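S.K.: The structure follows.
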Amino acid sequence: PERLGGKVIEVENVSKAYGERTLFRDVTWQLAGRARIGLVGPNGVGKTTLALNYALSLSRHGRTVLIDLDTGTSSVRNCIDTPIERDLYHFFKKGARLADCVTSLDAKPDPAGHYRSFGFVASPKHLIEDIANFTAARRAELIDAINELAANFIVLDLKAGLDANVIEFLPYSNSGLL
């Protein structure tokens, strides 16, 4: 797709149900490159699961980085069985470059190597409140670092709800997918 500026994903007449419960029916949509989308919902509805699977799918088409800004129990670090050397704590508190905080999947969750172009930046295990509640300067620092990542696609997994931190990422980041 014209250097990811054209159509990236197209979904036609997709439905999903679990047993008797229909989640969605006959959904059709397209996603253009460089688009920003937001998925909003309460805790526990599957936003992180969707973000993770979406990022894994995108990685089959180009370098994809999932950045986990959700410090809750559904954080990406709790969903992926891969050792994490550096996370957002190292970026904000230890001065590591964000690119050096990207973790690739090891052979255990990806034995066939289908997702070699996928990486993620894990939410921190320590100083969660400090990191989760961004000042304007910290938000700008993170946005600049995100925009410097060598990736075709960026997926941000933000905490649930539309608080100021979530809303302020929408217009300023030109990172691709939100």
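The values are calculated or read from the model by the stated rules, or taken from the named source; none is laboratory data. The model shown is predicted, which means the values in this text are computed figures rather than measured ones. As a convention, Cβ positions derive from the backbone with ideal geometry for all residues, glycine included, and neighbour counts pool all protein chains shown. For accessibility, only protein heavy atoms count, side chains too; no ligands or nucleic acids. Shrake-Rupley method; radii C 1.70, N 1.55, O 1.52, S 1.80 Å.
S.K.: Within the bounds of region 59-75, is there any residue that is assigned to a helix (DSSP H, G or I) and buried (at least 21 other Cβ atoms within 10 Å of the Cβ)?
M.R.: Here is the first cut: in region 59-75, the ones assigned to a helix (DSSP H, G or I) are none.
No, there is no match, as no residue in region 59-75 is assigned to a helix (DSSP H, G or I) and buried (at least 21 other Cβ atoms within 10 Å of the Cβ).
S.K.: Let me ask something else about it. Scan (1) outside any strand (DSSP E or B); (2) within 14 Å of the chain's Cα centre (by Cα) for the single condition R86 breaks and write down its number.
M.R.: So R86 meets the others, but not (2).
S.K.: Within the set of pairs 6+ apart or on separate chains, which have a first residue in region 25-38 that is under 20 Å from S15 (Cα atoms) and of a type outside the set (A, V, I, L, M), a second that is modelled with pLDDT under 75 and open to solvent by 60 Å² or more (accessible area, probe 1.4 Å), and C-beta atoms under 6 Å apart?
M.R.: As it stands, the answer is Q30/K7, since those pairs meet every condition given.
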